[in-house]
Amino acid sequence: MQCDSDEEWTQPFLDEEDPLPNQICPYATSSEISIKNMLEISSIDSDDVVLDLGCGDGRIVIYAAKHYGIRGIGLDINPELIKTANENAKKEGVDHLVLFKVQDFANESFDFKLSTIGFLNNNQNNNNGKEKRIQLIYPTILTCYLIPRALKAIEPKVKKLIRENSCESTNHKSIRIATIVYPFERWQHINQDNSLKIFLYTKDSIDIIPKSLDSSNPIFI
């Protein structure tokens, strides 16, 4: 679903109860301009690999594949949204670049190598002319549009992923993460887009003491 105005996309749609066990964030959509700026603030280029946490209908991963020709994966707990994401990727002609998985990323590990999900490197061939699996690499850009309680749930594992995996392990550059609307509670962003509420984090982001320790409210911070 595409939003037609800034007011429509700046808050998640919280008008329905969470329909799935362990779901910690309602389905929300973001505008194309916010996706574009999110990727640009992450200094995206053709060598990056995107991982979208809570991918919904897949629009962020699909946009990155369509406009930058890069690979990406989307994780979401809702199988119906994953089905829609796969359908959208096929319609946009980028289904060969992306993969969507049903996964409870808040409670399960997403610290995996992309070759384990079947991405292939078309530039590497064996003696029989067949494709070889790419070297094990991590995603280099993580994106998410999540409410505070969801960000709080994934913050420790995201910090660990970014801080413990160097440029050598990604075969590219330091891992970056960009969030829309809501920042992490205990982590200082290094860059931001004030107009669209986009926050960028890297291995250089430092831990901070939140202004308020109460993040139980899933709607407002």
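List pairs: first residue in the range 43-56 and among the acidic types (Asp, Glu), second residue crowded, with 23+ Cβ neighbours inside 10 Å and in a strand (DSSP E or B) anywhere in the structure, Cβ distance under 6 angstrom, at least six positions apart or on different chains.
Asp48/Ile141; Asp52/Gly74; Asp52/Thr143
I'd like the residue in the range 30-64 that is in contact with a Cys (Cβ under 6 Å, 6 or more places away or on another chain) and under 12 Å from Thr179 (Cβ atoms) and, out of all such residues, is surrounded by the most Cβ atoms within 10 Å (Cβ to Cβ).
Gly54
Only one of these conditions is not met by Asn107: (1) farther than 18 Å from Ile177 by Cα; (2) of a type in the set (S, T, N, Q); (3) open to solvent by less than 10 Å² (accessible area, probe 1.4 Å). Which number is it?
The single condition Asn107 does not satisfy is (3).
If you check Cys55 against the conditions, is it modelled with pLDDT of 90 or more, among the hydrophobic types (A, V, I, L, M, F, W, C) and either in a loop (DSSP other than H, G, I, E, B) or in contact with a Pro (Cβ under 6 Å, 6 or more places away or on another chain) (or both)?
yes
I'm trying to understand the selection: among the residues of the range 188-221, which are more than 27 Å from Glu32 (Cβ to Cβ) and modelled with pLDDT of 60 or more?
Matches in the range 188-221: Gln188, Lys203, Asp204, Ile206, Asp207, Ile208, Ile209, Pro210, Lys211, Ser212.
Give me the residue from the range 156-173 that is in a loop (DSSP other than H, G, I, E, B) and open to solvent by 30 Å² or more (accessible area, probe 1.4 Å) and, out of that set, modelled with the highest pLDDT.
Among residues in the range 156-173 that are in a loop (DSSP other than H, G, I, E, B) and open to solvent by 30 Å² or more (accessible area, probe 1.4 Å), the one modelled with the highest pLDDT is Lys173.
The values are calculated or read from the model by the stated rules, or taken from the named source; none is laboratory data. Being a predicted model, the structure only gives us computed values, none of them experimental. Methodologically, a virtual Cβ is constructed for each residue, glycine included, from the backbone with ideal geometry; neighbour enumeration extends over all protein chains shown. Note: accessible area is taken over every heavy atom of the protein model, side chains too, but ligands, DNA and RNA are not part of it. Shrake-Rupley method; radii C 1.70, N 1.55, O 1.52, S 1.80 Å.
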